[in-house]
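Here the structure comes first, spelled out in structure tokens, and everything after it is commentary.
The values are calculated or read from the model by the stated rules, or taken from the named source; none is laboratory data. All values derive from a computational prediction rather than experimental measurement. Positions of Cβ are generated from backbone atoms using ideal geometry, with glycine treated the same way; all protein chains shown enter the neighbour counts. Remember, those area values only see protein heavy atoms, side chains included, never the ligands or the DNA or RNA. Shrake-Rupley method; radii C 1.70, N 1.55, O 1.52, S 1.80 Å.
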Amino acid sequence: MKLDFLYLAFNRRAFTELTFQTMIENTDWTHVNQLVVYDDGSTDGTWEYLQEAVNRVPVPTILEQTKYRSPVALTNKFVRTTDGDWFVKLDNDVMLPPNWLPEMLGVLERNPDIELLGMEAGMGGRPDPEGWDGVYYFEPSSHIGGVGLMKTTKFRKCGKIMAEGRFGFGQYQEKFEFVRGWITPSLKVVLLDRMPLEPWLSLSAEYRKRRWQRRWPTYQENDCWWDWFVDEEETT
């Protein structure tokens, strides 16, 4: 498998610094062909941070500044230019836990028909449920979100995602009948824009005010999806 990464950023430098460094540290890069980073016109120092940060990535990296103002349009651009078989799509609010990539690839190996495998926390049920055998499975779904493993060759066959704004990916999945679903039980993949704890709660409020992100429901405070990095921060 030839696997590429797509990382999208638009402002939210505090999120970018944390998620990009965590991606570097918690990814098994032996599986990755290249990383493509699109900064979609940031004005808060995110672009300057990424110019330095890409030098720490242990695979070939492409960094480009764009002004599409659309994750869908950027995904179309990426699919037109990559020759990979699969790609991982990440936004700059996605915190990746240790060992996430081998677990995702293991699900693909056991389920070769999959074309979209989502990994947002909670969509595949509770992490580490009682009685779990330690093996991750595939749970079919009517949709996945914009974060996960995606089969590039299926995108090329179907053509571009027609909607160029914030929406359109769900309708695209239905129209072309992707085999799609979530890894289950859930990996502890956390979206910072849904965190109910500080400093992320206040940062999200600021970013929404600046129209840099949409409003999303927050996780419940008693959820355990983020313990792996919150506990680590408290001990450093």
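Quick notes
- Residues considered: ARG214, ARG12, ARG69. Largest GNM mean-square fluctuation over the chain, using C-alpha springs under 10 Å, is found at ARG214.
- Taking all protein chains as shown and a probe of 1.4 angstrom, TRP212 keeps an accessible surface of around 40 Å².
- Two-site FRET efficiency, TRP228 against MET1, from Cβ-Cβ distance with R₀ of 41 Å, rounded to 0.05: 0.95
- Per-residue surface analysis assigns GLU103 an accessible area of about 50 Å², computed on protein heavy atoms at 1.4 Å probe radius.
- On the basis of the beta-carbon distance and an R0 of 30 Å, GLN21 and ARG156 show a calculated FRET efficiency of 0.40.
- Taking every DSSP helix (H) stretch of at least 4 residues in the chain, weighting each as -39,500 (n - 2.57) and dividing the sum by the residue count yields a mean residue ellipticity at 222 nm of -9500 deg cm²/dmol.
- The chain shape via C-alpha gyration tensor axes, a/c threshold 1.5: rounded
- Computed extension gain for VAL54 through SER142, at 0.36 nm per residue and net of the alpha carbon distance, reaches 28.2 nm.
- Here the chain has 49 percent of its accessible surface on carbon and sulfur atoms, given a 1.4 Å probe and all protein chains in place.
- In the structure shown, the pairs LYS77/LYS157; LYS77/LYS209; LYS188/LYS209; LYS2/LYS77; LYS160/LYS209 are assessed against 26 Å; a Cα-Cα span above that value is assigned to LYS77/LYS209; LYS188/LYS209; LYS160/LYS209.
- Accessible surface ranking that places the most exposed of ASP28, ASP128, ASP223, ASP4 first, with a 1.4 angstrom probe: ASP128, ASP28, ASP223, ASP4
- Here the gap between VAL179 and ALA205, fully extended at 0.36 nm per residue and compared with their Cα-Cα distance, gives a gain of 5.8 nm.
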